[in-house]
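The values are calculated or read from the model by the stated rules, or taken from the named source; none is laboratory data. Predicted model, so just to flag it, every value in this text is computed and none were measured. Cβ atoms come from the backbone with ideal geometry, glycine included; neighbour counts cover every protein chain shown. The accessibility values were calculated without ligands, DNA or RNA, using every heavy atom of the protein model including side chains. Shrake-Rupley method; radii C 1.70, N 1.55, O 1.52, S 1.80 Å.
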Amino acid sequence: MVTVLFAVLVIGLIGAAVVVASGHGDSMSEEYDDRPDVRIPADRPLTSADLKSVRFTTVLRGYDAAEVDRLLDVLSRQLDEASDPQTPGPA
């Protein structure tokens with residue numbers, strides 16, 4: 001009995017999706033992007049502080065956040081070293 005009820009429920013949901021997708025029924029509301037923008041300065045060169053403060057939005061099929069954070073850490077260290085004349089360069 002539960003299996004039959006579940007099957008009817010699934011068929012009903014699929015049918016409702018087909019009706020909406022075919023244009024019958026109420027339309028969906030307009031989509032808009034509510035994610036914050038990544039702030040990158042356009043009026044000056046990037047600094048290591050800019051890279052340290054960047055936070056990307058999380059998406060289902062996006063990049064691994066830990067990998068992006070590691071890359072930003074490496075880039076910010078390199079910018080720190082390049083801007084500090086007392087730091088010795090790579091050997």
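Details
- Filter result for Pro45 (surrounded by fewer than 11 Cβ atoms within 10 Å (Cβ to Cβ), modelled with pLDDT of 65 or more and in a loop (DSSP other than H, G, I, E, B)): yes
- Residue within the stretch 54-65 that is open to solvent by 90 Å² or more (accessible area, probe 1.4 Å), in contact with a Ser or Thr (Cβ under 6 Å, 6 or more places away or on another chain) and modelled with pLDDT of 70 or more present: no
- Every pair of residues 6+ apart whose Cβ atoms lie under 6 Å, when the first sits in the stretch 52-80 and is among the basic types (Lys, Arg) while the second is in a helix (DSSP H, G or I): Lys52/Ser76
- Search result, residues across the stretch 13-41 that are at pLDDT 75 or above and part of a loop (DSSP other than H, G, I, E, B): Ser22
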